[in-house]
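One structure is given below, encoded as structure tokens.
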Amino acid sequence: MISVQDLTKQYAGRLAVNHISFEVQPGEIVGFLGPNGAGKSTTMRVLSGYMPPSSGSVKINGYDVFRDSLEVRRSVGYMPETAPLYTDMKVKEYLRFRGELKGLKGRDMRRRVGEVMDMCSVTDVRRRLIGNLSKGYRQRVALADALLHQPPLLILDEPTAGLDPVQIRQVRELLAGLRPKHTILLSTHILQEVEQICDRVIMIHHGKLLANDTPVNLMQKLRALHQVQVEVQGKGQILTDFESIPAVRKISEEPKDGEWSRFTLRVEPGHDVRETVMNLATTKGWKIRELHRQLPTLEDVFVELAASEPIKS
Ligand SMILES: Nc1ncnc2c1ncn2[C@@H]1O[C@H](COP(=O)(O)OP(=O)(O)OP(=O)(O)O)[C@@H](O)[C@H]1O
């Protein structure tokens, strides 16, 4: 559905997207992650046919974004980060106007406008001026617009930004419900979103591809980076004893809880020190009331990957 080969995009000599390549298969929901300024919006604009690439090739549904831009726009429902909504139009009026631009007519138009308003929960504000709507409603009008012509591919730039938790859940369920008829590429800062609905994660940083994998695989790769939390009571130099465990990379001691000392042990990749800690406690006569392995979140994964990437200005 999406094929990106060696894509670059420069703005006035500044490389915003730096030789990235990836594929998205039909029916996949792919999360596009990266810190602010990573190049997500730029990539999405190029993929939607709204901006030409500086070099490289992008094909959507077999169509080249540059040469076949009309076909690409027909295949793509694009929701930009800041949707250029006409603030002096009413919601339904706006969607009908957008529908006309997308070639909808008559009964089809009425049916589709009604459907997308329902799907995106904006029917109750259909007669209100867009300029008077909250950001959450505007986001959902923009999403309704992207869905209007039933495009096989949706490219959504932060579709849940500005929504409250209930609305976020609604949009997430809406997107999950579009599977498998639609392919979705969505950028987000909410890692939970990725873990819950995405089949795959593409991470970029400084315009470069950092990772392209399933959320589960990424977590597994980085599982090695877990830390162990211990709450222990006992005599002697507990900290020094923990430091003597070869696989322990770093220790932080947290404020004591009464008699109990609390430690977080950062462990060398691939090691699990929980048994060693238990054995140590038995030998030293300590009491342990908590010992658990904390797995990294996707955010940890991102921070770790980004840290290993040399940063160029
Ligand atoms: N129209 C533009 N002209 C010049 N530079 C731009 C333009 N748009 C974006 N940039 C720059 O390109 C880089 C990538 O920006 P982009 O908006 O694609 O990142 P992003 O990952 O979407 O960030 P955010 O999450 O903040 O939206 C940034 O350094 C940004 O300042």
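For this structure, a couple of remarks:
- Segment 272-296 - residue that is touching a residue at least 60 places away in the same chain (Cβ under 8 Å) and surrounded by fewer than 16 Cβ atoms within 10 Å (Cβ to Cβ) and, of those, farthest from Ile245 (Cα to Cα): Leu295
- Taken together, Arg14, Arg45 contain a single residue that is closer than 14 Å to Leu153 by Cα, modelled with pLDDT under 95 and not aliphatic (A, V, I, L, M), which is Arg45.
- Count of segment 134-165 residues which are outside any helix (DSSP H, G or I), away from the ligand (no atom under 16 Å from the Cβ) and either crowded, with 24+ Cβ neighbours inside 10 Å or at pLDDT 90 or above (or both): 7
- Flag for Met89 being under 26 Å from Arg45 (Cα atoms), in contact with a strand residue (DSSP E or B) (Cβ under 8 Å, 6 or more places away or on another chain) and outside the structural domain of Gln150 (by the TED database): yes
- Taking the conditions (1) within 10 Å of the ligand (Cβ to nearest atom); (2) touching a residue at least 60 places away in the same chain (Cβ under 8 Å); (3) surrounded by fewer than 16 Cβ atoms within 10 Å (Cβ to Cβ) in turn, Asn36 satisfies each one other than (2).
- Where Met44 falls short, out of the listed (1) in a strand (DSSP E or B); (2) buried (at least 18 other Cβ atoms within 10 Å of the Cβ); (3) within 16 Å of the ligand (Cβ to nearest atom); (4) not hydroxyl-bearing (Ser, Thr, Tyr): (1)
- Of all residues in segment 1-33, exactly one satisfies the criterion of being more than 13 Å from the ligand (Cβ to nearest atom), among the small types (Gly, Ala, Ser) and part of a loop (DSSP other than H, G, I, E, B), namely Gly27.
- When Gln233 is tested against the conditions (1) under 30 Å from Ala307 (Cα atoms); (2) touching a strand residue (DSSP E or B) at 6+ places or on another chain (Cβ under 6 Å), the lone failure is (1).
- Taken together, Arg73, Arg67, Arg98 contain a single residue that is without any contact (Cβ under 8 Å) to a residue 40 or more places away in the chain, outside any loop (DSSP other than H, G, I, E, B) and more than 16 Å from the ligand (Cβ to nearest atom), which is Arg73.
- Candidates Thr87, Thr42: the one that is in contact (Cβ under 8 Å) with a residue 12 or more places away in the chain, more than 30 Å from Lys208 (Cβ to Cβ) and of a type in the set (Val, Ile, Thr) is Thr87.
- Members of segment 194-228 that are touching a Leu at 6+ places or on another chain (Cβ under 8 Å) and in a strand (DSSP E or B): Val201, Ile202, Met203, Ile204, His205, Leu210, Ala211, Gln227, Val228
- Among all positions in segment 90-103, there is at least one residue which is on the phi < 0 side of the Ramachandran plot, surrounded by 15 or more Cβ atoms within 10 Å (Cβ to Cβ) and touching an Asp or Glu at 6+ places or on another chain (Cβ under 7 Å).
- Residues of segment 119-133 that turn out to be under 25 Å from the mean Cα position of the chain (by Cα) and part of a helix (DSSP H, G or I), as a count: 1
- For segment 229-271, the set of residues classified as assigned to a strand (DSSP E or B), touching a residue at least 12 places away in the same chain (Cβ under 8 Å) and farther than 13 Å from Arg289 by Cα consists of Val248, Arg249, Lys250, Ile251, Ser252, Glu253, Thr264, Leu265, Arg266, Val267, listed by residue number.
- Output for segment 176-193, where each listed residue is within 13 Å of Ile155 (Cα to Cα) and either in a strand (DSSP E or B) or within 16 Å of the ligand (Cβ to nearest atom) (or both): Thr183, Ile184, Leu185, Leu186, Ser187, Thr188
The values are calculated or read from the model by the stated rules, or taken from the named source; none is laboratory data. Quantities reported herein were computed from a predicted structural model and do not represent experimental measurements. Positions of Cβ are generated from backbone atoms using ideal geometry, with glycine treated the same way; all protein chains shown enter the neighbour counts.
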